[in-house]
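Have a look at the structure below before the remarks.
Derivation of every value follows stated rules applied to the coordinates shown; laboratory data play no part. Model, not experiment: these values are computed from the prediction. Ideal geometry is used to build each Cβ from the backbone, glycine not excepted, and the neighbour counts take in all protein chains shown.
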Ligand SMILES: [Zn+2]
């Protein structure tokens, strides 16, 4: 198994497959994303942990306001879906893509889709898309 983590520390490549990187508390087992040095529950040190790349939509909404820079929205701006995805050990907030923003339903099966790596191999964006739409 080969694990490569980009400089931002958000995305790991495990045998070439992209996974989001969280941390897990060495004392109480709590997960946190994005990674942080101390556990948000008990303050103990944390260890890196790759998250599952598939989960279920826990809740969602439609964002109608363009985010402030450094976010780079496509022009012209169009509302998009954001939500919480339950990955098992943790729920994470994420952009949702791959279908119209009003077409999501709680419980939908989703998978991680990372943006293209830059020239240094670092990934700067990700979203979750419907599991049944591809791969
Ligand atoms: Zn803890």
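With both labels modelled 7 Å from their Cα along Cα-to-Cβ, the residue 118 to residue 15 distance reads 3.0 nm.
Between residue 27 and residue 93, the FRET efficiency estimated from the beta carbon spacing at R0 = 22 angstrom works out to 0.30.
Taking all pairs of distinct Cα atoms, average 1/r, flip it, and tell me the Kirkwood hydrodynamic radius of segment 10-135 in Å to one decimal place.
Numbers: mean 1/r = 0.0638 Å⁻¹.
One over the average 1/r among Cα pairs gives 15.7 Å for segment 10-135.
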